[in-house]
Amino acid sequence: MVDHLLHFEDAPFVSNIVAAVFPLLDVLDEGIIPFAADVGGDFFCFDHRADGDHPSVFWSVDWGVVPLAPSFADFLKMLRD
């Protein structure tokens, strides 16, 4: 469940992409960019490692990485009210 999208605004700080990514810099591979958080504080990420122009989407959770969709458009199709 997507709780909120990350943004570049100063407030709310918890949703700021820089604040979210900074603690993860040592564990994220280059090309991985979080764009949203779930209700538990884990992140939905773009994976640009294989194709910089067409990232896949995965969910980074405490126990590993869960591939979700081959594209952001496919990820959006999965969302429900």
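The values are calculated or read from the model by the stated rules, or taken from the named source; none is laboratory data. A quick note: this is a predicted structure, and the numbers were derived from the prediction, not measured. Positions of Cβ are backbone-derived with ideal geometry, glycine not excepted, and every protein chain shown enters the neighbour counts.
Residue 8: buried (at least 17 other Cβ atoms within 10 Å of the Cβ) and modelled with pLDDT of 85 or more, yes or no? Against the criterion (buried (at least 17 other Cβ atoms within 10 Å of the Cβ) and modelled with pLDDT of 85 or more), residue 8 does not qualify.
Of all residues assigned to the stretch 24-32, none qualifies as being of a type outside the set (Val, Ile, Thr), surrounded by 11 or more Cβ atoms within 10 Å (Cβ to Cβ) and at pLDDT 90 or above. Please specify each residue of the stretch 26-36 satisfying the condition of being under 14 Å from residue 60 (Cα atoms) and of a type in the set (D, E, K, R). 29, the sole residue that qualifies. Hey, among the residues in the stretch 51-68 that are of a type outside the set (S, T, N, Q) and in contact with a strand residue (DSSP E or B) (Cβ under 7 Å, 6 or more places away or on another chain), which one's nearest to residue 27 (Cα to Cα)? In this case the residue turns out to be 65. The number of residues in the stretch 3-25 that are of a type in the set (D, E, K, R) and farther than 20 Å from residue 57 by Cα comes to 2.
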